[in-house]
Amino acid sequence: MIINLEKIPDCKALLRLEVPTDDAKAERNQIVKLFAKQAKIPGFRPGKTPEAVIEKRFKAEIESEFEERIMKQAMQKAQEENVDIIRISEIREQSHNIDGTYTATIELVTAPEFELPNYKSLEVQVPKIEVTEDQLNESLDQIRERFADYNDVENRGVEMNDFVVINYKGSIDGNPVGEVIPLAPATLAQNTGFWLKMTDDSFLPGFCSPLVEAKIDDTKSLSVTIPEDYQAEELRGQTIDYEVEIVSIKEQVLPDLNDEFADKINPGKSLEEIKSALREQMEEQRKGYRKEMITNQILSNINSDLDFELPKEIVMRETQSRVNDIFSSNTERGVSEDELVEHQEEIIESAGQQAHSSVKTSFILEQIAEKEKIDVSQEEILQRVSQIAARQKTSVKQLTKQLEKKNGFGRIYNGIRIEKTLDLLRNSAVIKEVEAEDLETK
């Protein structure tokens, strides 16, 4: 077989191949012999059907099998040219020629080529794990709030630190929030019977202070500008006008922090035991948070040092998947299809940016895994299958059947391999602990 490989833009390559007459004939003869052994044709004993009859009866199947075998051989030879082939994108042309040769031109999707930057001993900053007494008491107060009593207040207006029950509706330039920004959280658009604690950081910055001194049944108009650090980018800088009705005002009365309260939370436990268990829980939560922060900082560092071409087809497929998820989640929370279609360009742009970052990170991690020779054992895969089966409350045997049908074992292998790669990166990082308030200002 003669092959010629030409790299083209967008992480693609053209593979031109030619199978000489003798090689093509030998390959076809092998296939015909295989068909002859298996074919059951009336008038002939099994395995005794003349090859001419086989070739005529199964012409299309023989050609298909021939092409499939040649494609596999071509892929193997192409891999020897140090080209990481992801898949065949298109068979542009193929021909079984009169002289007995076979020629084809195949378009391939290939993995991007790039040089890894330094990915070990990267410095990351994380908050300290230790829980201070103030932080512990703050968490205890949150628990106390779940057991608090709320007394109605009728002889005065709203004050800071009160709880108020409100109805509200938001608009942007006179139009409902949901119509202007379909991706906006439903709670930003409107609500009834909403409990609001009157503090500066409740709900949205600047929402509470205009309600001070308002009385029951009063309606207040106020405007709030979404801060630039708000989680949803599409809302940043937007000004929302609200009409707020005060339904009731309530004063919170917290239970005393003592052994009696501890027994109410967890019968038989003292306050000190509750504190100890809570501290341990908070420290475990912080460890998980730190792990996520370390991962994000490492990947951000590596990503910022690299710029390379990505396979458009893979990015587009990932983008479509994310767009589908956005449409599905918004439909479930009541956003109409018309509203989503109206903002589909923004949705696609946002999904495309996320997809680009995700696909890029995947290729980086795969190359690190290759360089570090990270592998996954059969035992690790079987252990993961058992864990999944336990979560899904099914048998390992039943789950194995499902995975075999959908190449699930390949996904499990890749998932474990990426986890092990991330573990390597985290274990090699240089961890610098800082106070939480210092971290937030970085």
### Query
For residue 434, which sequence-distant residues (separation of 5 or more, or a different chain) have an amide H within less than 5 Å of its own amide H, given hydrogens modelled in the peptide plane?
126, 128
### Query
So what is the relative contact order for the chain, in percent, with contacts set as C-alpha pairs under 8 Å and at least six apart?
17 percent
### Task
Go through 230, 335, 310 and say which Cα lies farthest out towards the positive end of the charge dipole of the chain; charges sit on Cβ, +1 for Lys and Arg, -1 for Asp and Glu.
310
### Message
Taking the Cα centre as origin and putting +1 on Lys and Arg beta-carbons and -1 on Asp and Glu beta-carbons, what dipole magnitude results for the stretch 149-253, to the nearest 20 debye?
### Response
100 debye
### Task
Return the subset of 312/406; 397/420; 33/59; 72/406 for which the Cα-Cα distance in this structure is over 19 Å, preserving the input order.
312/406; 397/420; 72/406
### Query
What is the magnitude of the charge dipole of the stretch 1-59 about its Cα centre, with +1 placed on the Cβ of each Lys and Arg, -1 on the Cβ of each Asp and Glu, and no other charges, expressed in debye to the nearest 20?
540 debye
### Query
According to the Kirkwood expression over distinct Cα-Cα pairs, how big is the hydrodynamic radius of the stretch 50-93, in Å?
12.4 Å
### Task
Please work out the C-alpha center-to-center distance from the stretch 316-375 to the stretch 217-273 and express it in whole Å.
33 Å
## Note on the structure
Projecting the Cα atoms of 34, 157, 266 onto the charge dipole of the chain, where Lys and Arg contribute +1 and Asp and Glu -1 at Cβ, the residue farthest towards the positive end is 34
### Query
Regarding the stretch 373-442, what are the three Cα extents along the principal axes, ordered largest first, in Å?
51, 30, 18
#### Entry: Potential lengthening between residue 148 and residue 258 on full extension [0.36 nm per residue; Cα-Cα distance subtracted]
38.2 nm
### Query
Taking +1 at the Cβ of each Lys and Arg and -1 at the Cβ of each Asp and Glu, which of 137, 353, 403 sits farthest along the dipole of the chain towards its positive end, judged by Cα position relative to the Cα centre?
403
### Message
Given contacts defined as C-alpha pairs under 8 Å and at least six residues apart, what's the relative contact order of the stretch 278-406, whole-number percent?
### Response
24 percent
#### Entry: Kirkwood-type radius of the stretch 65-173, with distances r between different C-alpha atoms, in Å
23.3 Å
### Task
Report relative contact order for the stretch 2-110 in percent, whole number only (criteria: Cα-Cα under 8 Å, sequence separation at least 6).
36 percent
### Query
When all alpha-carbon pairs of the chain are counted, what percent fall beyond 42 Å?
43 percent
### Task
Rounding to the nearest 20 debye, state how big the charge dipole of the chain is about its Cα centre with +1 on each Lys and Arg Cβ and -1 on each Asp and Glu Cβ.
3660 debye
### Query
In nm, to one decimal, how far is the modelled label at residue 56 from the one at residue 160, with both set 7 Å along Cα→Cβ?
9.8 nm
### Task
Holding the Cα-Cα limit at 32 Å, pick out from 77/291; 197/269; 25/360; 371/432 the pairs that are longer than that.
77/291; 25/360
### Message
Quick check: the distance between the Cα centres of the stretch 1-75 and the stretch 156-193, to the nearest angstrom?
### Response
68 Å
### Query
Could you list log10 I(q)/I(0) for the stretch 149-253 at q = 0.14, 0.19, 0.22 Å⁻¹, which the Debye formula gives when each Cα is one point scatterer?
-0.53, -0.91, -1.15
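No lab work stands behind these numbers, since they all come straight from the coordinates. Everything numeric in this text was worked out from a predicted model, so none of it was measured. Every residue, glycine as well, gets a Cβ built from its backbone with ideal geometry; the counts of neighbours run over all protein chains shown.
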